[in-house]
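Participant: Got a structure here, written out as structure tokens. Questions coming.
The values are calculated or read from the model by the stated rules, or taken from the named source; none is laboratory data. All values reported here derive from a predicted model rather than from experimental measurement. Backbone-built Cβ (ideal geometry, glycine too); neighbour counts: all protein chains shown. Only protein heavy atoms, including side chains, enter the accessible area calculation; ligands, DNA and RNA are left aside. Shrake-Rupley method; radii C 1.70, N 1.55, O 1.52, S 1.80 Å.
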Amino acid sequence: MPAAYAPPAELDARVPMPRGRRATELLMLAFAVAVVLFAYASVGFGLNGKLPSGLPVYGLAFAALMLAAHLAVRWLAPWADPLLLPLAALLNGLGIVMIYRLQQSGRDGNPGNVISTLSASATELQVIWSAVGVAAFVLVLAVIREPRVLQRYTYTLGALGLILLAVPALLPASMSEVNGAKVWIIVGGFSIQPEEFAKLALAVFFAGYLVAKRDVLALAGRRVLGIDLPRGRDLGPVVIAWVASLLILVFETDIGTSALFFGLFVVMIYIATQRTSWLIIGLLLFVAGTYLASVLFGHVGQRVTDWLHPFAGNNATHSAYQLVQGLEGMAYGGVLGTGLGHGQPFWTPLVQSDFIFTAFGEEIGLTGLMALLLIFGLIVQRGLRAAVTVKDPFAKLLAAGLSFVLALQVFVIVGGVTGLIPLTGITTPFLSQGGSSLVASWALIALLMRISDTGRRPAPQPIQDEGMTQVVRAG
């Protein structure tokens, strides 16, 4: 009998599988939870020299939420980027800590003034919204198993995004207006900011549309000053986006949403076509639109005036009071800050939402603010890395768009409260009080992790002995 066949050693060797990095994610997640608990304890010591009584409850609830998110990633997206979840968890937790600190101001014998726009149960509500956000995170991972599935619904999601943007403008002021901006849907005691979800739907729409039309939009027309301008017939999409952003500005009096919407489209069309001319055209249209709006509409002009001259005349005590209080708070905090619980952020109106970044600046200083911006920057970097890694053009463009819209939102709000650009009034992702922004931010992280999982997922293992035959002698 012939000897049994043995395949060559090189064929028998298994193809090495890359690591999923879930253990790294769990370790970094534990570190993020520890930092949040330390900050929470520091608030108690800063306010009254004692540990907060709710530390065990809030700590366990937050840790359980993050552990649930981690287990969902292990199950649904085992190859996803290991840093996105810990970074988002850290920001979410620090937002809860600051809301607790502001809630306790002037209450339960603590120093400071009571913030009238912040209820005594604000921290509990923010923890509940965090749970809803994590649930949305898990739901997105469970429903969207492949990013390219979203491409089938390009125009459906585009229509949905436009509807979400338009609804507040169509509702009466009593059901949509808060502090002069018509960006809410208010029914009874429940309110939602639909623009936060509209930006996700529109990012999918822009990605699907530009992947299909990028070859046409990339065609060059006249060459001016060394730059290939697009053909005149191809300017339609960017002009439509510009007009739509102006309509948002006019009917909803919301500069932030208008800037996010138009900026997202311009950057995504630039990424899709790699034509610098689109950036130049978009920038010129944005500057022209901003100037026209500042001249034609009083509320926009006032924002520009307050930005240029916050301390002139009676601006500091009237129209620019919120901006000036935020700037003075950050100046009081200096480089290292006063320490959590030792500052006076309660003087700034709506410090828990629009100006929560200035509250951090006052109590953890410039050093702490740089750390927060670094965390946001790392999320954007990991999102862009996912865009580079994934091969599908739609998923690549979507990841780049989602990363940019997060970066743009942070730039717009941080630039506004620090006096770099006119104040817009949008929220800081993960940090500001409220549910809409938090839930939408968790959904954005889930989309980035799904794209990252697709890009990092190893190819199927080949069948080791495929094509090999063996001769067997009968008898």
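Participant: Could you go through segment 242-247 in sequence order and give the Karplus-derived ³J(HN,Hα) for each residue, using 6.51 cos²θ - 1.76 cosθ + 1.60 with θ = phi - 60°, rounded to whole Hz, and x for Gly and Pro?
Facilitator: 5, 5, 4, 5, 5, 4
Participant: So, one more: Below 13 angstrom from the Cβ of residue 448, what's the summed charge of the other residues (Lys, Arg +1; Asp, Glu -1)?
Facilitator: +3
Participant: Relative to the Cα centre, what is the charge dipole magnitude of the chain, using +1 at the beta carbon of each Lys and Arg, -1 at the beta carbon of each Asp and Glu, and rounding to the nearest 20 debye?
Facilitator: 1140
Participant: Report, to the nearest whole %, how much of the accessible area of segment 300-361 belongs to carbon and sulfur atoms, 1.4 Å probe, protein only.
Facilitator: 60
Participant: Could you give each residue of segment 147-154 its phi-based ³J(HN,Hα) in whole Hz, using Karplus coefficients 6.51, -1.76, 1.60 with θ = phi - 60°, and x for Gly or Pro?
Facilitator: Once θ is set to phi - 60°, the couplings for segment 147-154 become x, 5, 4, 5, 5, 5, 10, 3 Hz.
Participant: Calculate one ³J(HN,Hα) per residue across segment 201-215 by plugging θ = phi - 60° into the Karplus curve 6.51 cos²θ - 1.76 cosθ + 1.60, and present them in order as whole Hz with x for glycine and proline.
Facilitator: 5, 6, 4, 5, 4, 4, 4, x, 5, 6, 5, 6, 10, 5, 5
Participant: Quick one: how many Å² of residue 121 are accessible to a 1.4 Å probe, rounded to 10?
Facilitator: 50
Participant: If Lys and Arg each add +1 and Asp and Glu each add -1, what is the summed charge of the other residues whose beta carbon sits under 15 Å from the beta carbon of residue 257?
Facilitator: -3
Participant: Using Cα positions and a limit of under 27 Å, work out the lysines in reach of residue 213, with same-chain residues fewer than 8 apart set aside.
Facilitator: 199, 391, 396
Participant: Find how many whole Å separate the alpha carbon centroid of segment 319-345 from the alpha carbon centroid of segment 137-206.
Facilitator: When both Cα centres are located, 33 Å separates them.
Participant: Per residue, how much accessible area does segment 67-153 show when a 1.4 Å probe rolls over the protein heavy atoms, in square angstrom?
Facilitator: Averaged over the residues of segment 67-153, the accessible area is 40 Å².
Participant: Return one number: the angle in degrees, 0 to 90 and rounded to the nearest 10, between the long axis of the Cα atoms of helix 255-273 and the longest principal axis of the Cα atoms of the chain.
Facilitator: Taking Cα atoms only, the helix is inclined about 30 degrees.
Participant: Mind checking which of 291, 43, 448 is farthest towards the positive end of the chain's charge dipole, using Cβ charges of +1 (Lys, Arg) and -1 (Asp, Glu) about the Cα centre?
Facilitator: 448
Participant: Further, regarding this structure: Packing-wise, with mean Cβ within 10 Å as the measure, how do 181-188, 348-355 rank, highest first?
Facilitator: My ranking of the peptides, most packed first, is 348-355, 181-188.
Participant: So, by mean Cβ neighbours within 10 angstrom, what's the order for 202-213, 254-265, 144-155, 372-383 with the highest one leading?
Facilitator: Output ranking for 202-213, 254-265, 144-155, 372-383: 254-265, 202-213, 372-383, 144-155.
Participant: Would you tally the net charge around residue 344, using a Cβ to Cβ cut-off of less than 11 Å, leaving residue 344 out, and scoring K and R as +1, D and E as -1?
Facilitator: Neighbourhood net charge equals -3.
Participant: Could you compute the FRET efficiency for residue 64 and residue 120, with r as their C-beta to C-beta distance and R0 at 25 Å, rounded to 0.05?
Facilitator: Approximately 0.55, to the nearest 0.05.
Participant: If the viscosity is 0.890 mPa s and the temperature 25 °C, what Stokes-Einstein diffusion coefficient in µm²/s follows for the chain when Rh is the Kirkwood radius over Cα pairs?
Facilitator: My calculation gives 101 µm²/s for D.
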